[in-house]
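The values are calculated or read from the model by the stated rules, or taken from the named source; none is laboratory data. Keep in mind that what you see is a predicted model, and the values were worked out from it rather than measured. All Cβ positions, glycine included, derive from the backbone under ideal geometry; neighbour counts span all protein chains shown. Keep in mind that these areas ignore ligands, DNA and RNA; they rest on the heavy atoms of the full protein, side chains included. Shrake-Rupley method; radii C 1.70, N 1.55, O 1.52, S 1.80 Å.
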Amino acid sequence: MSSPPSGKASPSLLVGAAAMAADPPPSPTGARPFPEPRARRSGRLSRLYPSAVGRIPGQRGARVARVAPSVVRRLWPLRRPALSSAVAALALAGSGVLILHLVQRQTGTAGLLVGLGLALLPLPFVLGSLAWLNQTARVPLRHSLFCLAWGACAATTVAIMANGWASDFLIAHRGARGETWGSEFATPLIEEVAKGSALLMLLLPLRRRHRCDAERPCGRLRRVLWHRQGGPERPVALFRPAPAGRQRARSRPRTLAAGAVLGGVTASGFAFTENALYLGRAFTADRQARLDAIGLGRTPSLRDFDGTVHTFVLRALLSPFAHPLFTALAGIGLAVTLTTGRRWAARLGAPAGLLLAMGLHGAWNAAAGLGTDGFLLVYGLVMVPCFAALVCFAVWAQTRRTRQPTGPG
């Protein structure tokens, strides 16, 4: 039967084909029908290799079978929050034991204990100031504890090892100039990158701007890290994404404050361990000098520990916010890059924040070699205005929070 001139199949042909598909003709005697593929195997194949279903192996343009991303995500062990938290805790604990061993080797047991005790004195004031700013940022406590442990253990371990290697390399090739380059350029670069790694791990989920709903749900790790329960129906995002269909042109004050808080807490832990190292060294040197003076018949006095007192005044009283200021600038720049909708701000935010942090850090290290007058000049002209600017930013963020008290973000 030929098809009509219009090129469409006739109704009788369609009805006949449907009838043949519904009731296949009986097979002749002794003939075995061709087995049809089982639905269970087909379903399993479609789940594991979706690109292989419905394709002939020798067909032109056939794609290589790929494992479904959902299977890979299920097999990845660190995707589970409990396991990933346990691995992070073990890693931080191991780095903490290592950094204690490294500091004890340079200061001795008595120097380590004295250094830890003296370095602990300014820490509550710095963390209290960051807790006041955290009223705007509302950073979860687990993030703050992670940043504090990262700065005190992991970042200092990396910094001590990397600074030692860089200093040896520069001194071997450049001599005395290499030592200056190491303190003014290599040390700020290594330490700020080591501290900023924690900020990158915690702030990177802000880049995902999709709405968390039934059609596009969030991943399990993102829900645990960035959501808090707002009711039985749906969670409330700690960092609220932009509305559907448009991106936010500017970063929210809460997001910028979160970058500053995370950076400041990380740097507080870093400064604690670093202060313990320097104070322990000063105490060990002063104690040895005092023992030598007693052996020479001199009368001991409290002036034998002038080095320890000078180090404590310089690091704990005059500059307790130095490291938090450096890393807070890097955190603000990273928050701008990850949340802004402006292309130029997204490209320049993180590099500008990191370069500004390293520049201030290098200027601070260079001021230590300029004598008392040079140090006070750098302290008054550079550090005090930058710290005042950070205080003004914190007050501005708090003012914006009081003006907009409603809303989860």
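Just reorder 286, 292 by solvent-accessible area, largest first, 1.4 Å probe, all chains present. Provide the component values of the computation, followed by the final result.
Numbers: 286 20, 292 80 Å².
Largest accessible area first, the residues go 292, 286.
Counting only protein heavy atoms, what percent of the accessible surface of the stretch 271-407 is carbon or sulfur at a 1.4 Å probe?
Working: 4920 of 7470 Å².
C and S atoms contribute 66 percent here.
At 25 °C and a viscosity of 0.890 mPa s, what translational diffusion coefficient does Stokes-Einstein give for the stretch 114-200, taking Rh as the Kirkwood radius over Cα pairs? Give it in µm²/s as a whole number. Present the calculation step by step, with values, prior to reporting the outcome.
Values: Rh = 15.0 Å.
For the chosen part, D equals 163 µm²/s.
Take residue 168 and residue 110, extend 7 Å from each Cα along the Cα→Cβ direction, and tell me the distance between the two endpoints in nm.
Inter-label distance under the simple model: 3.0 nm.
Between residue 346 and residue 291, what is the FRET efficiency for a Förster distance of 56 Å, r being their Cβ-Cβ separation, to the nearest 0.05?
Values: r = 59 Å, r/R0 = 1.05.
Calculated transfer efficiency: 0.45.
Defining a contact as two alpha carbons under 8 Å apart and six or more residues distant in sequence, what relative contact order in percent does the stretch 302-409 show?
Numbers: 64 pairs, mean separation 22.2, N = 108.
The normalised contact order for the stretch 302-409 reaches 21 percent.
Heavy atoms of the protein only, probe of 1.4 Å, neighbouring chains included. What is the accessible area of residue 379 in Å², nearest 10?
60
Could you please state how large a percent of the accessible area of the stretch 101-192 is carbon and sulfur, counting protein chains only and using a 1.4 Å probe?
Working: 3360 of 4810 Å².
For the stretch 101-192, the apolar C and S fraction of the accessible surface comes to 70 percent.
Per-residue accessible area for residue 184 at 1.4 Å probe radius, Å² rounded to 10?
60
Which sequence of 101, 323 reflects their accessible areas, 1.4 Å probe, from the largest down? Before the final figure, lay out the partial values.
Working: 101 95, 323 20 Å².
Largest accessible area first, the list is 101, 323.
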